[in-house]
Amino acid sequence: MQIRQLRYFLQVAKSGSITAASAQLRMTQPALSRQIKAFEDDCGWKLLDRGAKSIRLTTAGKVVQREGEALIHDMDRRIEGIRREIEGGTIRVAYAPSLAGKLLKGTMSRFLQFHASVKIELHDKSSEEMRQLLLDDQVDLIVSAEFPNKEITWQRLFDKRLCLAVPPKHPFARSNSISADALDGEKLLLLARHEYPEYYRGVVQFFQDHQINAKISGEFDSIESVSLAISAGLGVALVAEGSSLDSDLCLVALEESSAALVPVSVGWRNDSAPDTITNNFIAELLHATESNKRSSD
């Protein structure tokens, strides 16, 4: 089986016709037809039922398409891993700045000391955007609040406590900590449920667990927008400790913080195990995490 011919076959299967596939591959139709016929002969299976104007995959063709796509994806990933080790390359990381910005800064500084030829692309995205980018193979890693997804493998980095962000003149601003009960009736500002579904569910669950009647006064697409809304006096917000907020805002701890933790993790696709260089980057994330823990103890 020739990999080049497998790629030709997969393009035909995707396009639905040899004519359309030949245009995508910039080949003549007769040349592509010969390659597909040679591929079938080499495999020993009939992969296509050919009609006058279209083709249809046989049962064998559907199996070869499914397994061939997985094979090509894995091979391309491994080739990229070889290229990264020899020539350098690019690691694409999507992240939540309010949760992982400081950690990534330390990680990149140390990583690039040992891998100067590797470039790092950072993408500041919402959790839903990160999920989609990862599953579409547009990024290699995501660093965010962990969320359930059967297609993603997670490595826990650390937990962040959930705090209450309030404006400086709010009655809670002078408190070292408050109980969850004190939030009853407060106007709550949230990160939008569509862009940050796991955050939204977690906050709603927190209020349900503590039987708090909070009034949701607004949803926002970024932590910066939440910060502006708090400063404007529109309400208060539950955010992770260390979040990037306006300097005049106050973060107040919750007495029930042990029951309100945000697990921050690095994730990658199940079907795309990290290559050596990416694994080294993950190792530096874990090293930076441990260094931060030791410095805060």
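The values are calculated or read from the model by the stated rules, or taken from the named source; none is laboratory data. For clarity, every value in this text was computed on a predicted model and none was experimentally measured. Don't worry about glycine lacking a Cβ; one is built from the backbone with ideal geometry, like all the others, and counts go over all protein chains shown.
Quick notes
- Residue that is farthest from ASP181 (Cα to Cα) [pool: residues in the stretch 236-262 that are of a type in the set (Gly, Ala, Ser), surrounded by 14 or more Cβ atoms within 10 Å (Cβ to Cβ) and modelled with pLDDT under 80]: SER244
- For the criterion of being over 30 Å from MET108 (Cα atoms) and not in a helix (DSSP H, G or I), ILE230 fails.
- Counting only residues that are of a type in the set (Ser, Thr, Tyr) and under 29 Å from GLU129 (Cβ atoms), the stretch 145-187 holds 1 of them.
- Taking first residues from the stretch 274-297 that are modelled with pLDDT of 90 or more and partners that are assigned to a helix (DSSP H, G or I) and among the aromatic types (Phe, Trp, Tyr), the Cβ contacts under 6 Å between residues at least 6 apart in sequence or on separate chains come to PHE281/PHE111; GLU284/PHE111.
- Per-region count, the stretch 182-226, residues assigned to a helix (DSSP H, G or I) and closer than 19 Å to LEU251 by Cβ: 11
- Criterion violated by SER109 - all others in (1) assigned to a strand (DSSP E or B); (2) surrounded by fewer than 15 Cβ atoms within 10 Å (Cβ to Cβ); (3) not aromatic (Phe, Trp, Tyr) satisfied: (1)
- Selection over the stretch 46-103 of residues that are buried (at least 17 other Cβ atoms within 10 Å of the Cβ), of a type in the set (A, V, I, L, M) and either under 22 Å from LYS119 (Cα atoms) or in contact (Cβ under 8 Å) with a residue 60 or more places away in the chain (or both) gives a count of 7.
- Checking every residue in the stretch 260-283 against the condition of being of a type in the set (Lys, Arg) and more than 20 Å from the chain's Cα centre (by Cα) gives zero matches.
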